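Before any comments, here is the structure.
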Amino acid sequence: GGWSPKDLNDQRDSELAQARDLIVIPDKDLHRLPFAALIDPRTDDYLIQDHGVAVAPSVNIYVRCLLQRVSRKAAPPANALLIGDPSFDLQEFSSLQRLPDAAAEAHAIASMYSTKSLLVGDEATKANVLRQIARGPEMIQISAHALESPEHPEYTRLLLARDPQREDSGILYLHEIRNLHFTDTRLVVLAGCGTAAGPVSASEGSLSLARAFLASGVPAVI
């Protein structure tokens, strides 16, 4: 009366079908696989259509983020910081273009919150962004360019607005994000190419901008 491999597979399929949320902790290069976009051959649905899908860099980080989430408010975020289309240095980054739709997106999301800070264009300087982060917004969305630095991950960066008066380039580096403290922030949305990209550690996942926010105390990053 022992169990066959087919019995085990059927049990796993049943458990997967009944699960509301799936937490994936990949190994090595599997961190680059978009699990939410996998297709269930039985239904032809994307995995994200039938389940909540989250990917954690490691068990250690997942448990830490879970404890942070439990310790904070259960209600939807009441205030937000929206950053869209920062006026980055077009001469230094001549291969990139401005993101007018990102500014429109920031304005649209801001309209959903009664309490918010909206930084677009010239207002989205590094100093202004850091000042607003220090005030503890519960939700942050950043719609901006991101540039990966594969050989030196600590120099992976977000391009914010230049501030000539402060002689500020507007570049926010990964290592600077890692040193911030997000004591009240419950969600960060990174709407920029490359924000989840980075070299993959053997034990702690991708060394990306998204990972830097998680390491700084944000329970969830999209």
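The values are calculated or read from the model by the stated rules, or taken from the named source; none is laboratory data. Note that the structure is predicted; figures quoted are calculated from it, not measured. Positions of Cβ are generated from backbone atoms using ideal geometry, with glycine treated the same way; all protein chains shown enter the neighbour counts. Keep in mind that these areas ignore ligands, DNA and RNA; they rest on the heavy atoms of the full protein, side chains included. Shrake-Rupley method; radii C 1.70, N 1.55, O 1.52, S 1.80 Å.
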Cleavage-rule hits (trypsin sites (Lys or Arg not before Pro)) in segment 115-198: DSSP loop, at most 10 neighbouring Cβ within 10 angstrom: Arg135
For Cα pairs less than 8 Å apart in space and 6+ apart in sequence, what is the mean separation divided by the residue count of the chain, i.e. the relative contact order in percent? 20 percent
Of Thr43, Thr185, Thr115, which is the most mobile in a GNM of the chain whose springs link Cα atoms less than 10 angstrom apart? Thr43
Extension gain, Ser149 back to Ala37 (0.36 nm per residue minus Cα-Cα distance, nm): 37.7 nm
DSSP loop trypsin sites (Lys or Arg not before Pro) in segment 26-60 with at most 13 other Cβ atoms within 10 Å of their Cβ, which ones? Arg42
Quick one: if you stick a label point 7 Å off each Cα along the C-beta vector at Asp168 and Leu67, how many nm between them? 3.4 nm
Over segment 132-222, calculate the relative contact order: mean separation of alpha carbon pairs under 8 Å at least 6 apart, over the residue count, as a percent. 32 percent
Quick one: longest stretch of the chain between exposed loop GluC sites (Glu not before Pro), exposed meaning at most 11 other C-beta atoms within 10 Å and loop per DSSP? 1-150
Among Leu16, Leu172, Leu99, which one shows the highest mean-square fluctuation when the chain is modelled as a Gaussian network with alpha-carbon springs under 10 Å? Leu16
Could you check how much of the accessible area of segment 47-126 is carbon and sulfur, as a whole percent, using a 1.4 Å probe? 56 percent
Where does the chain land at 222 nm, in deg cm²/dmol rounded to the nearest 500, when only DSSP H runs of n ≥ 4 count, each adding -39500 (n - 2.57), divided by all residues? -8000 deg cm²/dmol
Surface per residue (accessible, 1.4 Å probe) for the chain, Å²: 57 Å²
Spin-label zone in segment 132-157 - amide nitrogen under 16 Å from a point set 7 Å from the Cα of Leu96 along the C-beta vector: 142-150, 154-157
Could you pull out the chymotrypsin sites (Phe, Trp or Tyr not before Pro) across segment 132-219 that fall in loop regions by DSSP (anything but H, G, I, E, B) with no more than 10 other Cβ atoms inside 10 Å? none
Could you work out which residue, out of Asp85, Asp101, Asp45, moves most in a Gaussian network model of the chain, that is, has the largest mean-square fluctuation with Cα springs under 10 Å? Asp45
Mean separation of Cα contacts under 8 Å (at least 6 apart) over the residue count of segment 116-169, i.e. the relative contact order in percent, is 37 percent
Spin-label point model (7 Å from Cα, Cβ direction): what's the Lys28 to Gln49 distance in nm? 3.3 nm
